[in-house]
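In what follows, a structure is listed as structure tokens, so that the remarks can point back to it.
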Amino acid sequence: MDAFRKNKGFFVGLILVALVFLLGVSLAALSYLDASDADSRLLSAQREVKLLLDGHEFPAFKVAPKTDKIALTGESTEAAAKDLAELTSRQAELRKVINGDPDSAIKGRVSANSSELASTIRQSVDEWKRFAQDKDVRLLPNDQCDFGFRRYIRNPGTSPRKDLVRVDQQRLIIDYLFRLLVESRPAGAPMLLLSVDREPVETFVIIPEGKPGAGTLGPDPDGVRNSEADEFSPTRTFRRKDLVETLSFRVRFVGSTPTFRTFINKLRNSGRPFAITSVDVGLPNAETTKIIYAATPAANGAPPAAAVIPGLIPSPAPGVDAAAKDERITVVTEKPTEFTVQIDYLHAPEAPVAEGEAKK
């Protein structure tokens, strides 16, 4: 200690030299590690470049036993650029086909606020019910049909919290589908509308990839978790991430086969991007049958007139009274059928701007 006190400057300098030495050793070690890592990356890059220049063979695209490898040459690069341009052009054409005629597209309108849209929805539902009454289309008793908007009809003051334009687009699409269905009914044919259902785009979101049920609708943590009876998650859809967007609907009604057939044909020939994803056909239950039979006062609760198949009625024998000619034999009794049609309204999103391409 006496030596340290007498030579304090010397020992402090010695300690500083030792610290500088240790720091230099540490920096040298780090530089060596960085250089080794850089050498490793350089060798890896050189191997990749060599593979690209040597070429790669694509067995899946072989057209002959011996196919030249595809190398990263100027010729190959030009061919790849040409293929990319053709694919981009083809993709643009497909987007136009999916979207259909832009003049007939059904687009949602921008609302000032969610309360305004909720008021518009209620007015539309009331209008659809009056339209059904005017056209003698029966609805389920006790006001059970709310055309997919039950959450806003049964809970006054409730309004959409997001996706206002898409919700309004659903309203306009339902208006189109319902009126088209009514127009498809032959004159005098009874029809009972069970429901028009929609997927709740404002309260549910698409489950992301990597999670259970990816690609389907699931509860939105920031939205309303409880689904209404006239809201559904489509079992089949043409939706493909980044390629095709859809709005799904389900129309359930009881009526005649000609009504169903005409509705499908009108929908197919409408020029609008509708796609039918599923059709279920069955017999209505006893309660529903009773309602639709009651819709035909002339029948007094009896089933509709029997259908007669020509050619299956025997011709009268010579000398038989002419009145016998007018007899008809009941072959098939036409009964009302319950139809469930699931429909997608398609939309191709705008092509993403390529990286480095200037946005207009």
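Tabulated data for the structure shown
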read-out: Residue, least open to solvent (accessible area, probe 1.4 Å), within region 105-146, restricted to residues that are without any contact (Cβ under 8 Å) to a residue 12 or more places away in the chain and in a helix (DSSP H, G or I); value: S119
read-out: Residue in region 41-55 that is nearest to E75 (Cα to Cα), counting only those that are open to solvent by 80 Å² or more (accessible area, probe 1.4 Å) and at pLDDT 75 or above; value: K50
read-out: Subset of region 147-163 that is open to solvent by less than 40 Å² (accessible area, probe 1.4 Å) and part of a helix (DSSP H, G or I) - its residue that is farthest from E338 (Cα to Cα); value: Y152
read-out: Filter pass, V167 being surrounded by 11 or more Cβ atoms within 10 Å (Cβ to Cβ) and either of a type outside the set (G, A, S) or in contact with a Lys or Arg (Cβ under 6 Å, 6 or more places away or on another chain) (or both); value: yes
read-out: Region 130-158: number of residues that are within 23 Å of the chain's Cα centre (by Cα) and more than 22 Å from L192 (Cα to Cα); value: 2
read-out: Enumeration of residues in region 150-171 that are of a type in the set (A, V, I, L, M, F, W, C) and without any contact (Cβ under 8 Å) to a residue 40 or more places away in the chain; value: I153
read-out: Subset tally (residues that are of a type in the set (G, A, S) and either on the phi > 0 side of the Ramachandran plot or over 60 Å from the mean Cα position of the chain (by Cα) (or both)) for region 13-33; value: 3
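Yes/no matrix, rows are residues, columns are (1) at pLDDT 80 or above; (2) small (G, A, S); (3) within 30 Å of G148 (Cβ to Cβ):
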| position | (1), (2), (3) |
| --- | --- |
| G24 | yes, yes, no |
| S31 | yes, yes, no |
| A35 | yes, yes, no |
| S76 | no, yes, no |
| I98 | yes, no, yes |
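The values are calculated or read from the model by the stated rules, or taken from the named source; none is laboratory data. As the structure is a computational prediction, the values presented were derived from the model and not from experiment. When we count neighbours, we look across all protein chains shown, and the Cβ atoms used for this are built from the backbone with ideal geometry, even at glycine. Remember, those area values only see protein heavy atoms, side chains included, never the ligands or the DNA or RNA. Shrake-Rupley method; radii C 1.70, N 1.55, O 1.52, S 1.80 Å.
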